[in-house]
Ligand SMILES: O=C(O)CCC(=O)C(=O)O
Ligand SMILES: [Fe+2]
């Protein structure tokens, strides 16, 4: 069997100027997204525009963040890694906590739905993986920090959840849920033939209020507040997932949907719960 490394090298020797050894800054379209000097006027303006979008909608899309050749490189890496993905099927609530039997049957904390997804966990990326190097690149985290308008960001401390490759095949989907991190940053690599749309309701809850009636209407099928984000390969999406409920619609067809998920938090040391680790990665740390 070919190793991960062999497959990356065999395929990268064909047409593209980027190789598995490329540095993270070769992957990003720096002309469009000048993130190497965050004090420069263009970078300040870009970060300001990101914050404005996030405040308006709970999300910020940066199309063409990765160069086309970088998308090709990371898709090849994704295909090479995808056999390592742990595919889980779980039934749960949007809160990623057990259903509470003390509540009425139609309460959002009791409404169950199915999630099925394949995930390559952070500890499964080889040391020289281009995706890992992109995630561990301080300039990217500093830019994301500025774009989010935070004082400081930390990479998520979860040994599995910090960096994920989500590998979704025919029939797989993510049910409505909130994330356990303040923000998730995703990079779209390859869309499915059909389905696999990212949908969300901007800031449906806050730290002060769960807004159960709104959440209940959504879970019972009212799509009136739903925003759909069409998937474009190479787009960086900054997303406020702790308070904006979101899902991925079912995937159809032969093409696996590939998305890189880069997790950060405003506090150091944040980890997923054991329950989430077990259900998403099939093991606990
Ligand atoms: O795959 C995506 O686009 C989003 C994934 C997501 O919401 C999650 O992993 O929590
Ligand atoms: Fe999520």
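Per residue, the convex hull spanned by the alpha carbons of the stretch 31-101 comes to 167 Å³. Annotation: extensible slack from residue 138 through residue 284 equals 49.8 nm (criterion: 0.36 nm per residue apart, minus Cα-Cα distance). Relative to the longest principal axis of the Cα atoms of the chain, the long axis of helix 138-148 lies at roughly 40 degrees.
The share of Cα pairs per 10 Å bin across the chain, counted from zero up to the longest distance, runs 6, 28, 37, 21, 6, 1 percent. Put in order of Cβ neighbour count within 10 Å, fewest first, the listed residues 77, 254 become 254, 77. For the listed peptides 205-212, 273-280, a ranking on the average number of other beta carbons within 10 Å per residue, highest first, reads 273-280, 205-212.
Going by the alpha-carbon gyration tensor, a ≥ b ≥ c the square roots of its eigenvalues, is the stretch 61-105 rounded (a/c under 1.5) or, if a/c is not under 1.5, prolate (a/b greater than b/c) versus oblate? Oblate. Here the label points at residue 39 and residue 225, each 7 Å from Cα along the C-beta direction, are separated by 4.3 nm in the simple model. Only helices enter this figure: runs of n ≥ 4 DSSP H residues, each worth -39500 (n - 2.57), summed and divided by the residues of the chain, yield -8000 deg cm²/dmol at 222 nm to the nearest 500. Each of 252, 156, 122 was scored by other Cβ atoms within 10 Å of its Cβ. Arranged with the fewest first, they read 252, 122, 156. From the alpha carbon centroid of the stretch 24-52 to that of the stretch 156-210 is 24 Å.
The simple spin-label model puts a point 7 Å past each Cα toward its Cβ; for residue 170 and residue 25 those points are separated by 4.5 nm. Relative to the longest principal axis of the C-alpha atoms of the chain, give the angle of the C-alpha long axis of helix 68-81, reported between 0 and 90° and rounded to the nearest 10°. In the chain, helix 68-81 runs at an angle near 70 degrees to the longest axis.
Neighbour counts of other C-beta atoms within 10 Å: give me 246, 177, 87 arranged from fewest to most.
If I rank by nearby Cβ atoms, fewest first, I get 87, 177, 246.
No lab work stands behind these numbers, since they all come straight from the coordinates. Predicted model only: the values in this text are computed from it and were never measured. Glycine gets a Cβ as well: all are built from the backbone with ideal geometry, and neighbour counts include every protein chain shown.
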